There are 4 protein chains.
Amino acid sequence: MVAIDVLKFETNSPADTSPLEGLNAAGYEASRILAVIGKTEGNGCVNDFSRTLAQTVWQPLIPKDAITIFSGGTEGVLSPHVTFIVRCKDDDDDASGLVGAVGHTRDLDPHEVGGHIHARTVADTVANMITGMNVSPKDVKLVLVKCPLLTSTKIETARAAGQSTICTDTYESMAKSRYASAIGIAVALGEISTNDISAKLQTEDSWSALASCSSGAELDDNHIFVLANDPIAVKVKPRLKAISRPMKDAIDADAALDLLGQVKEQGGKVVQIFAKAEANPKGLIRGRRITMLTDSDIHSTRHARAAVGGLLCGLAGDTQLYVSGGAEGQGPPGGGSLTVVYSMP
Amino acid sequence: MVAIDVLKFETNSPADTSPLEGLNAAGYEASRILAVIGKTEGNGCVNDFSRTLAQTVWQPLIPKDAITIFSGGTEGVLSPHVTFIVRCKDDDDDASGLVGAVGHTRDLDPHEVGGHIHARTVADTVANMITGMNVSPKDVKLVLVKCPLLTSTKIETARAAGQSTICTDTYESMAKSRYASAIGIAVALGEISTNDISAKLQTEDSWSALASCSSGAELDDNHIFVLANDPIAVKVKPRLKAISRPMKDAIDADAALDLLGQVKEQGGKVVQIFAKAEANPKGLIRGRRITMLTDSDIHSTRHARAAVGGLLCGLAGDTQLYVSGGAEGQGPPGGGSLTVVYSMP
Amino acid sequence: MVAIDVLKFETNSPADTSPLEGLNAAGYEASRILAVIGKTEGNGCVNDFSRTLAQTVWQPLIPKDAITIFSGGTEGVLSPHVTFIVRCKDDDDDASGLVGAVGHTRDLDPHEVGGHIHARTVADTVANMITGMNVSPKDVKLVLVKCPLLTSTKIETARAAGQSTICTDTYESMAKSRYASAIGIAVALGEISTNDISAKLQTEDSWSALASCSSGAELDDNHIFVLANDPIAVKVKPRLKAISRPMKDAIDADAALDLLGQVKEQGGKVVQIFAKAEANPKGLIRGRRITMLTDSDIHSTRHARAAVGGLLCGLAGDTQLYVSGGAEGQGPPGGGSLTVVYSMP
Amino acid sequence: MVAIDVLKFETNSPADTSPLEGLNAAGYEASRILAVIGKTEGNGCVNDFSRTLAQTVWQPLIPKDAITIFSGGTEGVLSPHVTFIVRCKDDDDDASGLVGAVGHTRDLDPHEVGGHIHARTVADTVANMITGMNVSPKDVKLVLVKCPLLTSTKIETARAAGQSTICTDTYESMAKSRYASAIGIAVALGEISTNDISAKLQTEDSWSALASCSSGAELDDNHIFVLANDPIAVKVKPRLKAISRPMKDAIDADAALDLLGQVKEQGGKVVQIFAKAEANPKGLIRGRRITMLTDSDIHSTRHARAAVGGLLCGLAGDTQLYVSGGAEGQGPPGGGSLTVVYSMP
């Protein structure tokens, strides 16, 4: 169990590592970094090199076992930024209230991405991490996964090896990879049974309330971050807390207002919001037709981030939120998981 | 003074005129239509043929002196729809509470678009309309203008005639046209003086709190709709009311919550929301960098509609809102005008 | 058998029907029109309303049994234009050299689009048309098909009826529809056997050398145009001829130079070129990686039209060419069918 | 005067530095690199992070005084690749036939970008480089410049300092920067006079036949590469030669066929082609309307690269060409400079 702090800083480009100075100024050395979780200003899709650029500049600056999770796409009012997950300073470990763990799976072969092996591998790794954290699944408030996608090159590699990939469309592979990761998370959290993995991958109608997965071309394995309330600290006086409630659709202001209301009631202050967003797969919101899925100029994940980002940034009065697009299996269809981390007075 | 009703209906494509059946079913003949105000699902930019398509199919179905205002772009959670502004049925004229007028300017020559003549022409027309409505500017709650833009062909036409256009970039001409229209509205409403038109066109820092302008390639003149509270009806018991307060930036949830709160307090029900949205010209929201203006894949007006649409649809629980992009001169920089029409119990 | 002439005219927008005046000036009344085949300036994808707009304005102006085929996308150097296929004037019927037929299938239900029934229906219709033309398949030089696609609404309609669609991604449905149409054409031309339809739909590796199919949301049936050399006229002195040779990849200048060389040798003059273009499905051209399939900002059909359009317009010295994107089953993978219509001196 | 060799290699992503192995295998150490000139697979516009990524990974691997020039955008059939300009191996210096020089200007302040100081600075640097190469301007066959652009941040920085920038639209600043660079080149080559810089910046109608400029957010100075035929070697037996002739419009196949014909006649083999492409500023090619300038979904530079790339790749039978978009001042309006480097048998 590692008590963690959560700090966020603006970036002026995907290559901007100046947040490290901010972190130092706040009294944390780089060696305390567990994860760098960023929103970068690319398209968030297959050819989003802002993620790769961020990973390239950050990797040499953080501990070997730390992970990076860069989610592309700051459509609309979202501001590019990075959130650090750091080990608490030794002298205030007890007071934090939040615990975290980071890990990663083995590299996946192209033919494994988005399939049963993918889900199973994520499930095993997340389950091990939770065990290692010494918390129970009910303490967990968020599982973030950065997972691989299929490029033309990877698809060809599989084809040349006589293997078939989950699909042949590169953008579609991002969704398949997110869904498999989410199913893995759901299994690890006990939301669905291991035996159901294959069936759920087929039906594509299952979901975890705490999963947040994003795909990228910049990695071959899965980077994982698990966030939980410290079951011991909650009994005393935690400095930090996390609460979660999935949005049931992309305009579910109620879910957000409920969580933000809880924070306010306790006199808390929002540190960061982690949200997933997607187009309703039926092309409808509350019975009304939306056009995200028939817009061939802008992919639906970009639309979804912009809209949900607009809602949450407005309600929070803060544009540095982690809103990620493509919520397959990460909350109800058309909705998405939503987690608020906040500090107590 | 014409007492009006406001009704809105879903469309299944820009060519869908089935809302006319809905209108009929509600007891209004097409001859009562003053204006068809629609959101169509194009890109809202220069080559948005969804607007032209809508205008092409609607024009033959409405009275000769009725106008169409189609605003392209239903990014994010916005639903394509049309809002009818209709003359009240004779037997309930007194009860409406809202009055409206529609009109249009003469066709503008390419070299006039976005300049002094443009602003002046709009100012004169709007002023005449307000006078004709028998209301005072303080009763006005919204002035909607659909204005022309410059295509490559129009720019060449001017060049061939030895005339210069306000700019040579077609997308930029949309902004110039909106701004000139907004300045015209501000003059008509007494927000700025006629003598200041030239100066304000230069400085680009003036605005009307009630203007909502959108450009299109589908027209050469300006289509105008003025909406006001009926000063007589407000003293008795109006069925419909309008209130307005500009958003100060794209995440100004307070402005929206204030207006929606007033509606709720009075036991009212939102009929329609008219909002303008734009990227802050400095690329910042509340001091944080946003990326709408450096995204060369998606124009900033699309980003802005998606984000502000996400916020307003979430708060209103309704995706059929009129959210239009490009708020130059239509509310504070980076914000935009916001008008709520609601019905009383 | 109907002797035809082929004329093309510039359009200044998708709504421009002024080419009719050009046609009249050339001595042809609108009643002679068999087909209006146009390139319109939309994105050529699902939400291309330029096609619908063109169809909306043209339909009332042409004979009831005439067809429209609008292919969206004038990327790069391509100029928007329409090509008329008209019945020859009575007094010079004998001299034409080209014969044509137009037809259409019944409306397809959403669950039929892109599948076996789709292919079979096209095959039957084309076969009947060829028989009716009194030519043999070897005389045919081009079969153009405009076929339907799946929108979110159509997919939901099928789902509600308990039927499954060929896919659930709207853009992907365009490719499936084109492929099924092309397989239908191949069957009608004897390039593959009726019994192989199901197998070929599965393997997606078969093709017709003469097919050119494009999908659109603006229709539910398939519009078909068959073009052939008149077997009788070729023995005497034809005024018009057609030759065809598929491009083997998107940079196959040899195919184009060969056909254009034949025209030149005979002292002919190019009237129109009909070409199909696509991204090589393996993401490679002559072993080199290309990026059309990993670009999430621009769909591959747009890239392909721009590139092949650049090559052909350069070689022909003419930007008013019919270059259509998405060549599944219409020429070798990564290549596309190519037909040149030319006039003899 | 430095005798140079020119080698090119495929890249599998903007972060791929494996071409260095190819260079080594060909017998050249990294220390011989003068310039790395690459095509990367971004959008080639303001937010093209593929260029920044490439620069980030390459900078540490090349000599301190070597330069990088990454041009974004491999639309259509273009393949991502890098071209190395290297010092010849000592033992075959005499035989090369091509000479080159690399340099850079000082960093430009935001308010200088695209203006008189920019042009003057480039002019001076290029002139010095040519003098240093000991060649005359007529020997020069290409001047490549990578120049800065204006981001929202840079525009705000200038504004805060009370300075005005050449424009406030970030995409437009790319064009202004390219044009100023091209004017600088034209001055250095004696194509226009130093005294005319201001006038030419105003009229925007002047051009250099040998300039190739591309803008990027990844640098603040200008990176410059000058290529010339070695005036001494041409008299003996050069291994490498360069020839140049600007395309007069985007479909000028004649220019390309002329240069490629010269290569063929001499039994040569094309090593690399450097071309510039742009939309004709009037929206016309040979009198026909094109739509690159009214497409609000895809910027005109992307269209232009795709189309001209399609033509040149087809004619050369090679997809690894350097085709760069935005040819303001770099060849006739609507056309662009074109240089072919080839090896002799």
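Identify all residues within segment A:323-332 that are open to solvent by 10 Å² or more (accessible area, probe 1.4 Å) and within 26 Å of A:LYS264 (Cβ to Cβ); write none if there are none. Correct list: A:PRO332 only.
It is to be established whether one or more residues within segment D:295-317 are open to solvent by 10 Å² or more (accessible area, probe 1.4 Å), within 8 Å of chain C (Cβ to nearest Cβ), in contact (Cβ under 8 Å) with a residue 40 or more places away in the chain and among the hydrophobic types (A, V, I, L, M, F, W, C). Scanning segment D:295-317 turns up at least one residue that is open to solvent by 10 Å² or more (accessible area, probe 1.4 Å), within 8 Å of chain C (Cβ to nearest Cβ), in contact (Cβ under 8 Å) with a residue 40 or more places away in the chain and among the hydrophobic types (A, V, I, L, M, F, W, C). Under the condition of being within 14 Å of A:ASN47 (Cα to Cα) and more than 14 Å from chain B (Cβ to nearest Cβ), the residues counted in segment D:25-48 number 1. For B:GLY22, the criteria (1) under 26 Å from B:CYS313 (Cα atoms); (2) within 7 Å of another protein chain (Cβ to nearest Cβ) hold in every case but one, which is (2).
Matching residues to (1) open to solvent by 10 Å² or more (accessible area, probe 1.4 Å); (2) at pLDDT 95 or above; (3) within 20 Å of D:VAL270 (Cα to Cα):
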{"site": "D:LEU20", "(1), (2), (3)": "yes, yes, no"}
{"site": "D:ARG32", "(1), (2), (3)": "yes, yes, no"}
{"site": "D:VAL36", "(1), (2), (3)": "no, yes, yes"}
{"site": "D:VAL46", "(1), (2), (3)": "no, no, no"}
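Close contacts from segment D:143-154, counting a first residue that is farther than 10 Å from D:ALA217 by Cβ and a second that is open to solvent by 10 Å² or more (accessible area, probe 1.4 Å) and part of a loop (DSSP other than H, G, I, E, B), with Cβ to Cβ under 6 Å and a gap of 6+ residues or different chains, come to D:VAL143/D:LEU210.
Under the condition of being part of a loop (DSSP other than H, G, I, E, B) and within 20 Å of the chain's Cα centre (by Cα), the residues counted in segment A:147-164 number 2.
The rows are residues; the columns are (1) in contact (Cβ under 8 Å) with a residue 40 or more places away in the chain; (2) in a loop (DSSP other than H, G, I, E, B); (3) under 28 Å from C:GLY42 (Cα atoms); (4) polar (S, T, N, Q).
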position: C:ASP65; (1), (2), (3), (4): no, yes, yes, no
position: C:ILE69; (1), (2), (3), (4): yes, no, yes, no
position: C:ILE85; (1), (2), (3), (4): yes, no, yes, no
position: C:VAL99; (1), (2), (3), (4): yes, no, no, no
position: C:ALA127; (1), (2), (3), (4): yes, no, no, no
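Yes/no matrix, rows are residues, columns are (1) more than 14 Å from every other protein chain (Cβ to nearest Cβ); (2) touching a residue at least 60 places away in the same chain (Cβ under 8 Å):
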site	(1), (2)
D:THR157	no, no
D:TYR179	no, yes
D:LYS237	yes, yes
D:LEU240	yes, yes
D:MET247	no, yes
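For residues that are more than 21 Å from B:THR74 (Cβ to Cβ) and open to solvent by less than 40 Å² (accessible area, probe 1.4 Å), scanning just segment B:269-294, find the one that is farthest from the other protein chains (Cβ to nearest Cβ). Among them, the one singled out is B:ASN280. When B:VAL122, B:VAL102, B:VAL36 are checked against the criterion of being under 13 Å from B:LYS146 (Cα atoms) and touching a Leu at 6+ places or on another chain (Cβ under 6 Å), a single residue qualifies: B:VAL102. Among the residues of segment B:303-318, are any over 17 Å from the mean Cα position of the chain (by Cα), over 18 Å from B:VAL77 (Cα atoms) and not aromatic (Phe, Trp, Tyr)? No, the conditions are met nowhere in segment B:303-318. Considering only segment A:67-80, how many residues are within 10 Å of another protein chain (Cβ to nearest Cβ) and under 28 Å from A:ARG106 (Cα atoms)? Residues in segment A:67-80 being within 10 Å of another protein chain (Cβ to nearest Cβ) and under 28 Å from A:ARG106 (Cα atoms): 2 in total.
Flag: D:PRO60 does not match the condition of being within 14 Å of chain C (Cβ to nearest Cβ) and closer than 25 Å to A:ASN47 by Cα.
Take B:MET133 and tell me if it is closer than 19 Å to B:ALA209 by Cα, surrounded by fewer than 23 Cβ atoms within 10 Å (Cβ to Cβ) and in contact (Cβ under 8 Å) with a residue 12 or more places away in the chain. So B:MET133 fails the test. Hey, any hits in segment D:137-145 for a residue that's within 13 Å of chain B (Cβ to nearest Cβ) and either at negative phi or open to solvent by 60 Å² or more (accessible area, probe 1.4 Å) (or both)? Checked against the condition, which is being within 13 Å of chain B (Cβ to nearest Cβ) and either at negative phi or open to solvent by 60 Å² or more (accessible area, probe 1.4 Å) (or both), segment D:137-145 yields no hits at all. In the set (1) more than 10 Å from chain C (Cβ to nearest Cβ); (2) surrounded by fewer than 24 Cβ atoms within 10 Å (Cβ to Cβ); (3) modelled with pLDDT of 95 or more; (4) closer than 28 Å to C:VAL308 by Cβ, the condition left unmet by D:SER212 is number (2). Of note, D:THR83 satisfies the criterion of being among the β-branched types (Val, Ile, Thr) and surrounded by 21 or more Cβ atoms within 10 Å (Cβ to Cβ).
For segment C:11-31, the condition holds for at least one residue, the condition being that it is of a type in the set (D, E, K, R), in a helix (DSSP H, G or I) and without any contact (Cβ under 8 Å) to a residue 40 or more places away in the chain. Taking the criterion of being at pLDDT below 95, surrounded by fewer than 17 Cβ atoms within 10 Å (Cβ to Cβ) and part of a loop (DSSP other than H, G, I, E, B), the residues of segment A:165-207 that qualify are A:GLU204, A:ASP205.
One residue alone among B:GLN320, B:GLN266 is over 25 Å from A:GLY42 (Cα atoms), surrounded by fewer than 24 Cβ atoms within 10 Å (Cβ to Cβ) and more than 14 Å from every other protein chain (Cβ to nearest Cβ), and that residue is B:GLN266.
The values are calculated or read from the model by the stated rules, or taken from the named source; none is laboratory data. For clarity, every value in this text was computed on a predicted model and none was experimentally measured. As a convention, Cβ positions derive from the backbone with ideal geometry for all residues, glycine included, and neighbour counts pool all protein chains shown. Each accessible area value is taken on the protein alone, full model and side chains, heavy atoms only, with ligands, DNA and RNA left out. Shrake-Rupley method; radii C 1.70, N 1.55, O 1.52, S 1.80 Å.
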